[in-house]
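Read-outs: derived from the displayed coordinates by stated rules, not from any lab. If you're wondering where the values come from, they're calculated on a predicted model, not measured in any experiment. Neighbour counts run over all protein chains shown; Cβ positions are idealised from the backbone, glycine included.
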Amino acid sequence: MANRRLAPAAEQPESFAFSPENATWAKGQIEKYPEGRKASAVIPLLWKAQEQNGGWLPQKAIEAVADELGMPHIRVLEVATFYTMFALEPVGRFWIQLCGTVPCDSCGARELKDYLQKRLGPAGHVSADGNFSWLEVECLGACCNAPMAQINQDYYEDLTPELLGTLMDDLAAGRTVKVGSQIGRVSSEPKDAVNTLTDPTLFDGSRVGAWRKRFEEKEAEESTGEAESSEQRAATDPKPARPDAGRAVGTAAMDTPAQRSAAGQTPVTSTDKAQAADGTDSTAQPNPPVEKAAAETIAEGEAAGAEAGKQSALPRSEPPPQPAASGASEGEVAAEAEVARIEGKLAALPKDASPEQKADAVGTRPAGLDAARAGQPDALTRIKGIGPGNEARLHGLGIYHFDQVAAWTRDEVAWVGTYLAFPGRIDREGWVAQAAALSGQPKLVSR
Ligand code: FES
């Protein structure tokens, strides 16, 4: 773990003050808390100060936040030096936070650290080309896909020194990179063969089906209306928990990348990507036999109850909607599909294609303005995912206002995402919806 010290005096600016827009934003944050509890806003204010200062926190910014919140300087310094999300020294264009906690360490983080030492020098220093700086940090919560690193705002997982090196080369060259697992697994599914919960009766419905049938028979008996009060029943015959307990039963064994990998097949296929693109569940099997067996078991129990005229009086609640089998959210699946589509198109371009050429190959450039209306641009950094750097690049495209971002079409999102070298991220972070909310317009539907 690195020491957390302020940058040397020579690198510290002489002053810091929030821009008028950020000052208004800070005021809004403070107002969220009751009188006398202003200090609760310390983290968001430090974060905004760091963002305004190009990605790191100078001493003057820490003091300005303390003054704003009426806190002693030392208290805010304690916060800033505790959390590694606050950079205390200037950072490179890509700030690498390498997790060095035990799960990542035992999966190879030490080799990654050696690699970064060798390529960039000691932690906390910006590389000569200004592209990179790095820091070892504690667990970032992606241990399932260890070892991992956060680079700017994205996570890169399942890293090896070779993969990290390629990733850094691609970032430096402005090439498209894939966030998340670098070996193709989806979310945090098993990396290799499945070694736990392998008893097939857990999944083929037989174990749960038998239990459920017994439960339903008991329910049917109770619905005949014996006079026994619920209190008496509870005392003498505690009711078993519902077998589904709010979950789906008879879950089919899934065709996961891990299983394919164990069988010596390619974990993620082009069919997965194509299905993700059209919204199909890539792991769903057409009427898989185990699922059918489970459904039949359940149906048998229901039919028996109905036949005897003893249909349960209790409402049968539907199982709650389940997430996609891959565990990815809708936004993540859409973003993955977008990345796959764009990667396909970019593969046909020469390696030295400019960001504009790449963007033109995948989408349509959104119309820009010559200047902000009335000389007053909106603070695009209020859109989560847009920092000062990207705000400046958007200004370079003539994008100054929330309503411009809110009006982007799918093709325009693809163009901007590729131009900024992070296709899929605009979808994942919901820039368009955020901008619509900020501009006071209703949420726009994808076109
Ligand atoms: S230990 Fe590295 S992310 Fe948790």
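Odds and ends about this structure:
- Interchain or long-range residues, amide H under 5 Å from residue 136's placed H: 2, 98
- Note on residue 202 and residue 217: the model spin-label points, each 7 Å out from Cα along the C-beta direction, lie 2.7 nm apart.
- Among 389, 375, 404 - extreme Cα towards positive end, dipole of region 356-418, charges at beta-carbon: 389
- Listed peptides 400-413, 202-215, 9-22 appear in the order 400-413, 202-215, 9-22 once ranked by packing, highest mean of other Cβ atoms within 10 Å at the front.
- The distance between label points at residue 125 and residue 360 comes to 4.2 nm (points 7 Å beyond Cα on the Cα→Cβ vector).
- Cβ-Cβ FRET estimate between residue 409 and residue 374, R0 fixed at 25 Å, reported to 0.05: 0.45
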